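Colleague: One structure coming up, written as structure tokens, with questions to follow.
The values are calculated or read from the model by the stated rules, or taken from the named source; none is laboratory data. Not measured: the values here are computed from a predicted model. We place every Cβ from the backbone using ideal geometry, glycine too, and count neighbours over all the protein chains shown. Heads up: the accessible areas ignore ligands, DNA and RNA and are worked out on the full protein's heavy atoms, side chains in. Shrake-Rupley method; radii C 1.70, N 1.55, O 1.52, S 1.80 Å.
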Amino acid sequence: TPPAHLEPIAKAEYSRVVGSLGKLPLRNLDRTELEAYCTWYATYRHVVEEMSVALKANDMDEYLGYTSQLRKATDAIKGLASDLGLNVNSRMAMNMPKVEKKKESLTDMFGS
């Protein structure tokens, strides 16, 4: 269940992510990070909406003014998603089998 203090978009994202986690190794300790991810996602959605309103009003100065907020939210989402295993690369890294290093004999190291 999403925490009560999250706003509606963040709550919906929390439910979506938790429902999609499957076998990812998230723990209760990751909850704060997940909440931060959902809050940044909600911020991203709000900024996109404000940019859409500005664009419809043909206010390019206001529209462009939101780009730094959009970049900040996007960067935060990407970083937190990676930490939580919510993107392809981080999931692959979590599931990569560990390769045991072959021990070399003295003959292999120095020749015969």
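Colleague: Could you sort Met60, Met51 by accessible area so the largest value comes first, with the probe set to 1.4 Å? Write down the numbers at each step before the final one.
Modeller: Details: Met60 80, Met51 15 Å².
Ranked list, largest accessible area first: Met60, Met51.
Colleague: Taking the Cα centre of region 7-66 as origin and charging only Cβ (+1 Lys, Arg; -1 Asp, Glu), how large is the dipole, in debye to the nearest 20? Spell out each step's value before the answer.
Modeller: Details: 7 positive and 10 negative charges, 105 e Å.
The dipole magnitude comes to about 500 debye.
Colleague: OK, next. Let me cross-check Asp59: its accessible surface, 1.4 Å probe, with only protein heavy atoms counted, in Å² to the nearest 10?
Modeller: 60 Å²
Colleague: Using θ = phi - 60° and the Karplus form 6.51 cos²θ - 1.76 cosθ + 1.60, what ³J(HN,Hα) does each residue of region 31-40 get, whole Hz, x for Gly and Pro?
Modeller: 4, 4, 5, 5, 4, 5, 4, 5, 5, 5
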